[in-house]
Structures are given as C-alpha cells and as structure tokens.
Ligand code: UDP
Ligand code: MG
C-alpha cells in the first residue's frame, strides 16, 4: 500500500492545528503508520529540502523549519501521495482552495503550515530520512469498511 510523508511545520504546531490536521487524514480513511514530535537542526532541514537548495527562498525556508518542533508522520492508503497533496492544497495559500488545509489555515507561502511528499519516490526518500528506525507494523481493522 502507498505511503506518504506528512509534516506539520512549526507554525502549524504553534497555532494548535495538530489535532485538526491529523483528524482530516484519519477521517479520510488513511492509516497512521509513523508519528514523532521533533525539532530538527539546520543540516537535517537542508537535507530534507536539498532539491530546493538553489532557490532564493531556501535559507528562509530552512530557518522556518528549524524554528520550532514539527510533527513528522507517515500516512498509508490508496493514492495517499496525490490525495494527501489535495488535502493539503496548493503551495501558495493565496491559491489553495477553501476546504484544503492551506486554504483554510494559511495566508503566506512561507507560513503554509504543512508539508506533503510530491511523489511516491520522494515519499520513500523522506520516510527513510525522517524514520530511519522504521515505522509501525499494523493494519487497521477498519480496512474492509474503507476499501471495497
Ligand atoms: N516556499 C517559499 N517560497 C516560495 C516557494 C516555496 O517559502 O516561493 C516554501 C513553502 O513553505 C513550501 C516549501 O518552500 O511549502 C517547499 O516548496 P515546494 O515547491 O516543494 O512546495 P510544497 O511541495 O511544499 O507545496
Ligand atoms: Mg515540495
């Protein structure tokens, strides 16, 4: 089953959105497979966002991600990478549809509350980076009520 890496950024934690965000993924029917509350250092944040290192906003982005604790998660389910991105909404909250997390809870692109992997391959890399110890082995007993 497909997995994605979802991170509630420091602004999402500070603003008390952890429960709301986890609830949206839970209520959709996705399965929580990993979760940790962690403050990362600069080198780690730079690795996570290595693909963006040439961008002008890179330093500000790294400062933002290391500015406080984040909630790092692995969610599992059919098409969870693409559907997770839809639940999160467009990168710039000015363009995120109402009903999405960023559309409902964010205004500026540099304070957009949440990260989600953009492809199955980047999800695999991000899960390996954030959860080197591995993730939970369990399956929800609700499976047959969610999948036909
Ligand atoms: N970002 C920013 N300014 C920009 C573009 C992106 O501050 O002009 C930040 C924003 O927090 C975004 C993150 O960099 O979520 C990663 O950018 P990406 O293009 O990967 O967007 P995402 O995948 O998070 O939607
Ligand atoms: Mg991205």
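Rule-based calculations on the coordinates, nothing more; no lab input. If you're wondering where the values come from, they're calculated on a predicted model, not measured in any experiment. Virtual Cβ from ideal backbone geometry, glycine too; neighbours counted across all protein chains shown.
Tell me, 105, 49 in order of fewest to most beta-carbon neighbours within 10 Å?
Ranked by crowding around the Cβ, least crowded first: 49, 105.
Let's test the formula: R0 of 35 Å, r as the Cβ-Cβ distance of residue 146 and residue 43. What FRET efficiency results, to the nearest 0.05?
0.35
For n ≥ 4 DSSP H runs only, could you compute -39500 (n - 2.57) per run for the chain, divide by its residues and tell me the 222 nm figure to the nearest 500?
My calculation for the chain gives -10500 deg cm²/dmol from helical runs alone.
Taking neighbour Cβ counts within 10 Å as the exposure measure, how do 135, 38 sort from fewest upward?
Details: 135 16, 38 11.
Ranking 135, 38 by Cβ neighbours within 10 Å, fewest first, gives 38, 135.
With a 10 Å Cβ neighbour count serving as the proxy for reagent exposure, in which order, fewest first, do 4, 82, 31 appear?
82, 31, 4
By what distance, in whole Å, do the Cα atoms of the range 64-109 stretch along each of the three principal axes, largest value first?
Taking max minus min along each principal axis of the Cα atoms, the range 64-109 gives 30, 26, 12 Å.
Cut-off 20 Å, label point 7 angstrom out along Cα-to-Cβ of residue 107: give me the residues of the range 57-77 whose amide nitrogen falls inside.
Output list for this probe position: 61, 64-65.
What Kirkwood hydrodynamic radius do you get for the range 63-148 when you take the inverse of the mean 1/r over all pairs of distinct Cα atoms, in Å?
Hydrodynamic radius (Kirkwood, Cα only) of the range 63-148 equals 14.7 Å.
What value in Å³ per residue do you get for the convex hull of the alpha-carbon atoms in the chain?
Convex hull volume per residue, Cα atoms: 108 Å³.
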